[in-house]
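Notes follow the structure.
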Amino acid sequence: MTVSSANRTALFIDGANLYATAKALGFDIDYKRLLKEFQCQGTLVRAFYYTAVIEDQEFSSIRPLLDWLDYNGFTVVTKPTKEFVDATGNRKVKGNMDIELTVDAMELAAHVDHIVLFSGDGDFRSLVEAVQRRGVHVTVVSTISSQPPMIADELRRQADVFTDLLELQSKLGRDPSQRPVPREANQHTTHHVQRRTSSGGGYAPRETELERAKSR
């Protein structure tokens, strides 16, 4: 995936969706490499990362990742998950960041030429169409290499360009055994969006929390 150096680009990362997609393909995302990849290709205006968090846990495995992203050039947007009991009496956890991502993308559309959306969620089809009407070129990153495919067909059709995450593994992937992340808190300006609190430093979230946070 190549971006013109004249283009102003913004990244919108659906955190739970990207995590699940990479896991289905058998690798982890190296967010440091991801950011560098797009910084080298043109003018990166902003890199957003969205996820819901469980607030009442004594330790949340995703917080170290969010803290690392905050200190290393990403704008992290979160909100607390909501708990409810379904019709069968089972406790469920719900966390949907679609509205937050959509609002931010619409607001930024006038200031960028290219949006890269890391998600396969079909609910974003209307968003993609809306920013395209404003003259923004949209690349969607997900995969059709998993069984079943992680991207909704309607979103893939709407995108100007669809890039399979598997094709980016050599550029964005990280060996799952290499979990630790260097602490670089003093090297970048924090772009924290005040919709959460966090602490710690590190890299990879556990599967269980992200999947629970994404459940609807």
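No value in this document is a laboratory result; all are computed from the given coordinates. Predicted model only: the values in this text are computed from it and were never measured. Cβ sites come from the backbone with ideal geometry, for glycine too, and all protein chains shown count toward neighbours.
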**OP:** Report the net charge of residues surrounding residue 112, where surrounding means a beta-carbon distance below 13 angstrom and charges are Lys +1, Arg +1, Asp -1, Glu -1.
**Re:** 0
Subject >> residue 107/residue 160 FRET efficiency (R0 25 Å; Cβ-Cβ; nearest 0.05) >> reply: 0.80
Original post:
Simple spin-label model, 7 Å along Cα-to-Cβ: residue 144 to residue 84 in nm?
Top reply: 3.4 nm
**OP:** Give the peptides 8-19, 97-108, 118-129 in descending order of average Cβ contacts within 10 Å, highest first.
**Re:** 8-19, 118-129, 97-108
Subject >> Coordinate range along principal axes, alpha carbons of segment 3-158, Å, largest first >> reply: 53, 35, 32
Subject >> Highest to lowest packing among 70-83, 34-47, scored as the average C-beta count within 10 Å >> reply: 70-83, 34-47
